[in-house]
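Since the structure comes first, as structure tokens, the remarks are kept for the end.
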Amino acid sequence: MQAIPGPAAEVKRCAKCGEVKPLGEFHRDASNTRDGRQRRCKACQSPNQAAHARHQQAPALLAQGLKACTACGRILPLAGFAPDARKPSGRQRCLTHRLVPDDTGAGEPLGTWLGATA
């Protein structure tokens with residue numbers, strides 16, 4: 001926590017973006033901070049919350065025969081994903097974003113490899 005010194009410490013520096021913002025720009029968190037606010041501002045925390053929500057819904061989607069692509073976020077039937085026994089879901093990213101090995105071994109999106117425009 002980096003509260004900015006002042007009479008009431010009404011502002012705080014975000015641990016991610018480094019901007020000094022009013023305390024109202026930080027979610028409440030009384031568990032581990034002196035000022036009762038999270039370390040990251042709401043703007044920086046939102047992408048993490050969205051990723052966590054997608055991760056939490058994955059088992060329910062699989063039960064319905066669906067999966068969310070980790071690259072584009074689209075929810076598609078399992079047939080839209082290549083099999084991959086190493087993944088918990090048993091599937092890779094959607095066919096548009098699946099990596100295809102090239103001569104360097106780095107890979108590129110399948111849609112690019114097939115000449116598709118995404």
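Data table
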quantity: Within segment 24-38, tally of residues that are without any contact (Cβ under 8 Å) to a residue 24 or more places away in the chain and surrounded by fewer than 16 Cβ atoms within 10 Å (Cβ to Cβ); calculated: 8
quantity: Considering residues of segment 62-79 that are in a loop (DSSP other than H, G, I, E, B) and on the phi < 0 side of the Ramachandran plot only, the residue surrounded by the fewest Cβ atoms within 10 Å (Cβ to Cβ); calculated: Gln64
quantity: From the options Leu114, Leu95, residue that is more than 30 Å from Phe26 (Cα to Cα), hydrophobic (A, V, I, L, M, F, W, C) and at pLDDT 80 or above; calculated: Leu95
quantity: First in segment 80-91 and on the phi > 0 side of the Ramachandran plot, second anywhere and surrounded by fewer than 14 Cβ atoms within 10 Å (Cβ to Cβ) and assigned to a loop (DSSP other than H, G, I, E, B), Cβ under 9 Å, 6 or more apart; calculated: Gly90/Asp84
quantity: Single residue of segment 39-59 satisfying the filter (within 15 Å of Arg91 (Cα to Cα) and without any contact (Cβ under 8 Å) to a residue 24 or more places away in the chain) that is nearest to the chain's Cα centre (by Cα); calculated: His55
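The values are calculated or read from the model by the stated rules, or taken from the named source; none is laboratory data. Fair warning: this is a prediction, and the values are worked out from it, not measured in the lab. Don't worry about glycine lacking a Cβ; one is built from the backbone with ideal geometry, like all the others, and counts go over all protein chains shown.
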